[in-house]
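Have a look at the structure below before the remarks.
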Amino acid sequence: KKYGFLEKSTVLLDLCAAPGGWCQVASKYMPKGSQIIGLDLVQMRPIPGVTMYDEFSGGDIMSSKCRSVLKRDLKNKKADVVLHDGAPNVGAAWTKDAYGQSELVLMSCKLACEFLKKGGIFITKVFRSSDYNSLMWVMNKLFGKVESFKPASSRSQSAEIFVVCQNFIAPDKLDPRLLDPKFAFKQVETLQPVPDVLHKKIKQK
């Protein structure tokens with residue numbers, strides 16, 4: 001509602017789409033006859049007007065099969081919007097989880113660069129971590145306007161935030177290092193668990 005991007009879009013890709021909430025919202029607010037494709041490793045319940053793929057049919061956004069499926073379905077079209085609301089399975093090692101999320105965001109951005117039209121929108125969930133500034137730097141290289149947004153539905157104590165990237169530049173040539181985690185992020189040889197900063201016994205911020 002804040003950005004009004006669904007009502008004026010006709011082609012949308014939802015990455016890491018399970019259980020399908022964004023696809024449901026998109027099918028409700030996008031114009032009738034729009035093309036909506038949901039991709040995820042796990043199978044989702046059918047949603048009218050939405051094409052869905054799981055790991056075995058092409059839903060793995062890291063795979064070449066996924067790209068083949070998208071090229072086939074989109075034909076010569078490009079997406080108006082690419083959404084990414086995924087996250088790795090989180091555990092006790094926050095540093096490792098946050099780095100995994102940042103890698104996932106970067107891979108989603110890479111896919112968006114392949115299938116997003118010039119001037120298109122990429123919206124992704126990120127974790128506010130040590131790699132946040134690196135991600136913002138990458139996105140500012142690719143989009144004309146980049147801003148972070150914390151929706152009311154997101155818990156205030158959660159580290160998640162959404163980054164809204166508008167006006168995709170669609171460069172003729174893209175340096176592959178820009179979307180390579182080894183280049184974009186600092187190297188972390190050992191990812192150790194960090195203490196719970198909300199624990200009463202810890203007095204430091």
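Here are the numbers for this structure:
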| quantity | calculated |
| --- | --- |
| Number of positions in the stretch 1-45 that are open to solvent by less than 20 Å² (accessible area, probe 1.4 Å) and at pLDDT below 90 | 0 |
| Among residues of the stretch 141-153, those that are among the hydrophobic types (A, V, I, L, M, F, W, C) and open to solvent by 30 Å² or more (accessible area, probe 1.4 Å), counted | 2 |
| Residue 191 being modelled with pLDDT of 85 or more, outside any helix (DSSP H, G or I) and either of a type in the set (Phe, Trp, Tyr) or surrounded by 12 or more Cβ atoms within 10 Å (Cβ to Cβ) (or both) | no |
| Meets criteria (among the small types (Gly, Ala, Ser), touching a helix residue (DSSP H, G or I) at 6+ places or on another chain (Cβ under 6 Å), in a loop (DSSP other than H, G, I, E, B) and modelled with pLDDT under 95) for residue 58 | yes |
| Residue list for the stretch 56-75, filter: in contact (Cβ under 8 Å) with a residue 12 or more places away in the chain and open to solvent by 90 Å² or more (accessible area, probe 1.4 Å) | 62 |
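Condition check ((1) among the aromatic types (Phe, Trp, Tyr); (2) surrounded by fewer than 14 Cβ atoms within 10 Å (Cβ to Cβ); (3) modelled with pLDDT under 85; (4) assigned to a strand (DSSP E or B)) across all residues:
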position	(1), (2), (3), (4)
107	no, no, no, no
117	no, no, no, yes
123	no, no, no, yes
126	no, no, no, yes
135	no, no, no, no
139	no, no, no, no
155	no, yes, yes, no
171	no, yes, no, no
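The values are calculated or read from the model by the stated rules, or taken from the named source; none is laboratory data. These numbers come from a predicted model, not from an experiment. Using ideal geometry, Cβ is built from the backbone for each residue, glycine included, and neighbour counts are taken over all protein chains shown. Side chains are part of the model used for accessible areas, which takes the heavy atoms of the whole protein and leaves out ligands, DNA and RNA. Shrake-Rupley method; radii C 1.70, N 1.55, O 1.52, S 1.80 Å.
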